[in-house]
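Everything below concerns the one structure shown next.
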Amino acid sequence: MHKEILFIYPQTGSSIKTAPFGYLHMGAVLKQAGFQVTILDERVDDNFPAQLKSYLVETAPLFVGISAMTGGQIASGLSISRYIKTHYPEVPIVWGGIHPTLLPRETIFNENIDIVVKNEGEQTALELAMALRDCKSLNQIKGLVYKKDGHIEETEDRPFIELVHYPGPDWSLVDVEKYILSDQRNQRRLDIYTSRGCPFACGFCYNTIFNKRRWRSQDSKSVLNQIIWLTSNYQLDHIWFSDDNFMANPRRVLEICDGLQKSSLPLTFSASARPEYIYKNHELMRRIKETGFQTIYMGAESGSDRVLKLINRSRTKSLCLQAARICKEYSIIPIFSFIVGFPGETKQEVIETLDFAKQLQSINKEAIITDFKIYTPYPGTPLYDLAIKEGLKIPQTLDGWSEYVWGNIELPWVKDMRFLKAVSLVSLFANYHQEMQQNADSKSFLTHLISHALKNLAQLRWQSACFVLPFEWSIINNLILSNSLKKKRYPINSFDSL
Ligand code: B12
Ligand code: SF4
């Protein structure tokens, strides 16, 4: 009887390679039920096409699962799906993850996809595997869109699962070593993920649609067990909690701190938070400091009150200023991220954002400012309809969505994209050192060399808000970005030669 399932994580185009958390969670459930789960990760597995081929030659899986975020990952996922459909047409191809959930119908219309799993996959993938194994109908399984006899069927949505009733991530399904980043201090960092969703509703974020503002989490005990297991097996120095909103339940954070302090592991930590949770919570700050938290990542987003109102973050400015102060008091480094290019945003408002970033740095000299990201309107987010009203052209097919790549989308309301790109680039290089210390997994000598050379120039531009003639952009574009993209993606037809 078939019991095998293959999960594939396609290239993303990003140099940061965190573990495919969704597969670790789903894989744990499927394994418990007696299925054999294999995960292939195109980003980290050597000679991925040959590995895929040899798996399919030897195994007839119940299905092949493919995960996709909007953008470049779809292109890689489609190329893989096309290869499998052509050479192994009997194997059902199942897509899941953020993009197929946001646009399930557009996804299923693609001729190389048989089934779409919407939202969380643990229970749905399990029921799907059982139905395919037992040759049963799919129409009783919640959370599916699938093709049947030339028609498209859709079942009712599945409510959120109770995470505490599920086993959590099974790290033995991957080679953990491949996901350990090493920063410039040679610290071995692993990203983990311990909660889902966020109660807030920022205009640009997927959370309102995907998680419906419901925050759920693994309990503190299982988080601690996970950290202890990972640390004792992989000699980690640093854990990065990449949850959308790690601090959403401060009581859980305190319990985790308790357990970590008792375990005396030689670890430091980073996590995301909204400034709301920390700006006047001295007890929380004291405890996380004692536990070894080094950095807290917060979205500051914009310095313009009008833009902050538009994105539903009206109080963010004053809260971030207070958070910068309290972080200073407890010697925790705050990392602030920003977005530019929202509908209707003027150059003056972008400059206000720059001033706000400088103000945060002047309050707290240790504060890290990340590069200003250019706004990308993602389907289903609160601002998406406004973006369409303002002239955004959206792709009509899955292939089209694969080209909807962050930083490369025409925003009709932006009069001067060169200006925005220059701001984004200057913010990156002006803050280059700190950024690399926190996020580094890039070891390219060329990248480091050019970045250092550009840093001084960028700092001058940053201080004087001068963004004319950004010739650095061409250098980066030609030398670094295109090179790294070329290196990280298999040619689209790499499967044809197999
Ligand atoms: C980690 C992460 C990354 C990692 C990659 C993911 C990885 N594991 O390596 C990195 C750092 C590379 C990354 C990059 C980017 N990311 Co990102 N990322 C995340 C983050 C924080 C966590 C994803 C995750 O693991 N979640 C936890 C697991 C448990 O949930 P899950 O993946 O959704 O999986 C569940 C279900 O979706 C489903 N499922 C998922 N896949 C599959 C597959 C099958 C077959 C089935 C059946 C089910 C299924 O079942 C799982 C279990 O329930 C999310 C935010 C979030 N909270 O999800 C953003 C997020 C996915 N990223 C996002 C974005 C925008 C990006 C970037 C464009 C950012 C940027 N500006 O560069 C880049 C894209 C890369 C590129 N250049 O194209 C957006 C995606 C929006 C969209 N419409 O797709 C998100 C939602 C953040 C946000 N708030 O907007 N990201
Ligand atoms: S606080 Fe962060 S995770 Fe929560 S809705 Fe806003 S952007 Fe999304």
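The values are calculated or read from the model by the stated rules, or taken from the named source; none is laboratory data. Just so you know, these numbers come straight off a predicted model, no measurement behind them. As a convention, Cβ positions derive from the backbone with ideal geometry for all residues, glycine included, and neighbour counts pool all protein chains shown. With ligands, DNA and RNA removed, areas are computed over all heavy atoms of the protein, side chains included. Shrake-Rupley method; radii C 1.70, N 1.55, O 1.52, S 1.80 Å.
At-a-glance table
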read-out: Residue list for the stretch 90-112, restricted to those being surrounded by fewer than 24 Cβ atoms within 10 Å (Cβ to Cβ) and among the hydrophobic types (A, V, I, L, M, F, W, C); value: VAL91, ILE93, ILE98, LEU102, LEU103, ILE108, PHE109
read-out: Pair list, Cβ < 9 Å and 6+ apart or interchain, from the stretch 115-130 residues that are over 17 Å from ILE98 (Cα atoms) and open to solvent by less than 10 Å² (accessible area, probe 1.4 Å) to residues that are within 7 Å of ligand 1 (Cβ to nearest atom) and of a type in the set (Val, Ile, Thr); value: LEU128/VAL94; LEU128/VAL117
read-out: Conditions (1) away from ligand 2 (no atom under 16 Å from the Cβ); (2) open to solvent by less than 40 Å² (accessible area, probe 1.4 Å); (3) at pLDDT 95 or above; number of the one not met by THR12; value: (3)
read-out: Filter pass, TYR146 being buried (at least 20 other Cβ atoms within 10 Å of the Cβ), over 19 Å from the mean Cα position of the chain (by Cα) and at pLDDT 95 or above; value: yes
read-out: Residue check for THR18: within 7 Å of ligand 1 (Cβ to nearest atom), open to solvent by 20 Å² or more (accessible area, probe 1.4 Å) and either over 16 Å from GLY72 (Cα atoms) or in contact with a Cys (Cβ under 8 Å, 6 or more places away or on another chain) (or both); value: yes
read-out: The stretch 170-211 - residue that is basic (Lys, Arg) and away from ligand 2 (no atom under 11 Å from the Cβ) and, of those, least open to solvent (accessible area, probe 1.4 Å); value: ARG189
read-out: Tally of residues being within 16 Å of ligand 2 (Cβ to nearest atom) and open to solvent by less than 40 Å² (accessible area, probe 1.4 Å) across the stretch 234-249; value: 8
read-out: Members of the stretch 190-242 found to be of a type in the set (Gly, Ala, Ser), touching a residue at least 40 places away in the same chain (Cβ under 8 Å) and more than 10 Å from ligand 1 (Cβ to nearest atom), listed by number; value: ALA201, GLY203, SER217, SER222
read-out: Qualifying position, being of a type outside the set (S, T, N, Q) and more than 24 Å from SER14 (Cβ to Cβ), among GLY391, GLY400; value: GLY391
read-out: Matching residues, the stretch 274-297, being crowded, with 20+ Cβ neighbours inside 10 Å, touching a Phe, Trp or Tyr at 6+ places or on another chain (Cβ under 6 Å) and without any contact (Cβ under 8 Å) to a residue 40 or more places away in the chain; value: PHE293
read-out: Pair list, Cβ < 9 Å and 6+ apart or interchain, from the stretch 455-466 residues that are touching a residue at least 40 places away in the same chain (Cβ under 8 Å) to residues that are open to solvent by less than 50 Å² (accessible area, probe 1.4 Å) and polar (S, T, N, Q); value: TRP462/SER427; TRP462/ASN431
read-out: Within the stretch 360-414, tally of residues that are outside any loop (DSSP other than H, G, I, E, B) and among the aromatic types (Phe, Trp, Tyr); value: 2
read-out: Single residue of the stretch 89-139 satisfying the filter (small (Gly, Ala, Ser) and not in a loop (DSSP other than H, G, I, E, B)) that is nearest to ligand 1 (Cβ to nearest atom); value: GLY96
